[in-house]
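Data first, discussion second: the structure below is written as structure tokens.
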Amino acid sequence: MRLALVGKGGSGKSVVAGTIARLLAREGRQVLALDLDTLPGLAFSIGLGPVPDAGLPEDLAERREGKGWVLREEISAETLVDRYALPAPDGIQFLQLGKLPGHVRPGSVVAFRHVVETFRTDGWSIVGDLAAGTRQGFGGWAGFACLIGIVLEPTQAGAVSARRLSHLAQTVPG
């Protein structure tokens, strides 16, 4: 399973993502929990508590003239997960984009995006908690997913968000 959870802020995406990740892990699956939200949430939901910086090192990527930010060397997403993901309860591996203020750095973002786009190891389930709103989802950050879960409050604003986010689900292959 490769699941991206999107939705309105404060609707409970992190709680749903954490619950699903732990249930999958308790079934014996290898689970990578990706925290793409720059606000805290998923680490708490999977039982890690506060994690000051569980992101990827900034020096994995560099800015090159005419190319922008790129990885310094060829490195597989699997290697990045092996080296930098934090072990969490139930055997989950946890990796976060970074938290505000100050822990979201360009080099780290490039490396994290590499994981999101290329981690396809057989036998692994991926559960991603995306930031509130539509920007990350429509910006390709949910590209790892085969399934999009939309988490909303039962309000008129929630219905508007659902309508916008439902278009994202239509772009997922399969």
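Numbers at a glance
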read-out: Antiparallel content of DSSP bridges confined to the chain, in %, to 5; value: 25
read-out: Order of 67, 8 under a 10 Å beta carbon neighbour criterion, fewest first; value: 67, 8
read-out: Value of relative contact order over segment 2-169, rounded to a whole percent, pairs C-alpha under 8 Å and six or more apart; value: 38
read-out: Burial order of peptide ranges 44-51, 124-131 (average beta-carbon count within 10 Å, highest first); value: 124-131, 44-51
read-out: Selected from 108, 76, 161 as most flexible by GNM, with the chain as the system and alpha-carbon contacts under 10 Å; value: 76
read-out: FRET efficiency for residue 156 and residue 15, using Cβ-Cβ distance with R0 set to 22 Å, rounded to 0.05; value: 0.45
read-out: Simple spin-label estimate for residue 78 and residue 1 in nanometres, 7 Å along Cα-Cβ; value: 2.4
read-out: Kyte-Doolittle at least 0.0, axis length at least 15 Å by Cα - qualifying DSSP helices, the chain; value: 13-26, 106-118, 156-169
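Where a number appears in this text, it was derived from the coordinates with a stated rule and is not lab data. The structure displayed is predicted, hence computed values, not measured ones. Neighbour counts are summed over all protein chains in view; Cβ atoms, including those assigned to glycine, are modelled from backbone coordinates with ideal geometry.
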